[in-house]
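The values are calculated or read from the model by the stated rules, or taken from the named source; none is laboratory data. None of these values were measured; they are calculated from a predicted model. All Cβ positions, even for glycine, are placed from backbone atoms using ideal geometry, and neighbour counts span all protein chains on display. When the accessible area is computed, the model is the full protein with side chains, heavy atoms only, and any ligands, DNA or RNA have been set aside. Shrake-Rupley method; radii C 1.70, N 1.55, O 1.52, S 1.80 Å.
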Amino acid sequence: MHKIVFLDRDTLAPHIRLRRPAFAHDWVEHPRTAPAQLLERLADATIVITNKVPLRAELLAQLPALRLVAVAATGTDCVDKAACAAQDIAVCNIRGYSVDTVPEHVFALILALRRNLLAYREDVLAGEWQRAAQFCFFNHPIRDLRGTRLGIIGKGLLGERVAALGRAFGMEPVFAARKGCAPAEGYTAFDEVLATSSVLSLHCPLTASTRNLIGMAEFRAMSCTPLLINTARGGLVNETDLVRALDEGLISGAGFDVTDGEPPADDNPLLQAAARRNVILTPHVAWASDEAQQTLADQLIENIELYVAGTPRNLVKATD
């Protein structure tokens, strides 16, 4: 009999249906779980579901019954995968569920910022239209996307889908090579992408090598004062440097769905800048359309069922 514990059920919307696995089991779910509650809640669990609750080596060493960590997301940086491998604990994740919702959110941010929708909306609410001497007014620049370069960092499924949408708008998508590396076929040198893109969109995982991937040196290399869009992970961009880049006009705007540490602290630099007209900060919801959440929930249970049946899928390696 498996005991399944979902540590943070509230990371899925309450109206999303999460069916129970089709095998004998005990099911326990918690809205959220604090670090101090982990050991007690997982003491006899054989399968744990986590979205963002960290599972580190010290905790895992005290869970001899645990056999599977089912991550209710694509990113697995919340799990010590090396420790899991050492204890023969399988780790699986969700894949391909957000191929529409994230790219659509990316372009919602791009279009809103490129066309200054927030600024014009504020003007209308402040009475600027009523006071205008003609049928329209031009308080803020409006820029088209056609003919501009879309720099994409991360050539996975989401990066490819963002590129496809960019082509539909008449943009020129280019994929950045790894920082400091010569570009392979299908990639453009990292520095060239920074220097020539009108929009930069991040779609890479957060690892030791990608933390602070974008900092002051990179901002100063952005010759086209691009929009910077981040729907991936907050730690990819140094947020203090981001605010400085906005102050110095090195970028024309920022559309972020993530922060370095979530929820952000009150003194988070990006949160402090969120009221600017050229900044849009959304609360890590790019992935969260109803359709995508339901796909995630269904795949999550299928992953667990396939593992128990002896045919696991979406297994994550210790080095991933």
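Structure data summary
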item	result
Among beta bridges that DSSP assigns inside the chain, antiparallel share in %, nearest 5	5 percent
Largest to smallest accessible area among R131, R56 [probe 1.4 Å]	R131, R56
Protein-only accessible surface order, largest first, of E40, E29 at 1.4 Å	E40, E29
Additional length obtainable on full extension of the chain from A86 to F137, 0.36 nm per residue less Cα span	11.9 nm
Estimated 222 nm signal from helices in the chain, with DSSP H stretches of n ≥ 4 weighted -39500 (n - 2.57), rounded to 500	-8500 deg cm²/dmol
Percent RCO, i.e. relative contact order, over the chain, from Cα pairs under 8 Å lying at least 6 residues apart	18 percent
Tail fraction, Cα-Cα pairs, the stretch 172-288, threshold 18 Å, whole percent	48 percent
Rounded to 5, percent antiparallel among DSSP beta bridges of the stretch 34-152	0 percent
Near-label residues of the stretch 115-136 by backbone N, under 19 Å of a point 7 Å along Cα→Cβ of D144	115-117
Exposed chymotrypsin sites (Phe, Trp or Tyr not before Pro) absent - longest run of the chain, DSSP non-H/G/I/E/B, at most 12 other C-beta within 10 Å	139-320
Nearest-10 value in Å² for the accessible area of K155, using the 1.4 Å probe	80 Å²
Quarter of Cα convex hull surface for the chain, i.e. mean projection, nm²	18.9 nm²
Solvent-accessible area, 1.4 Å probe, carbon plus sulfur percent, for the chain	54 percent
Within-14-Å neighbourhood charge of P14 [Cβ basis; K, R +1; D, E -1]	-1
Neighbourhood charge, 13 Å Cβ-Cβ cut-off, centred on R41 and excluding it, Lys, Arg +1 and Asp, Glu -1	-2
Length gained when the stretch A13-D320 is fully extended (0.36 nm per residue, less Cα-Cα span)	107.7 nm
Rounded accessible area per residue of the chain, 1.4 Å, Å²	48 Å²
Calculated from backbone phi, Karplus (6.51, -1.76, 1.60) coupling profile of the stretch 11-28 in Hz, x at Gly/Pro	6, 10, 4, x, 8, 7, 7, 10, 6, 8, x, 8, 8, 5, 6, 9, 10, 10
Residues in the stretch 81-103 that a label on D298 would reach, taking backbone N under 14 Å of a point 7 Å out along Cα→Cβ	95-99
Solvent-accessible surface (1.4 angstrom probe) belonging to E104, in square angstrom, nearest 10	120 Å²
Mean separation of Cα contacts under 8 Å, 6 or more apart, over the residue count of the stretch 29-81: relative contact order %	40 percent
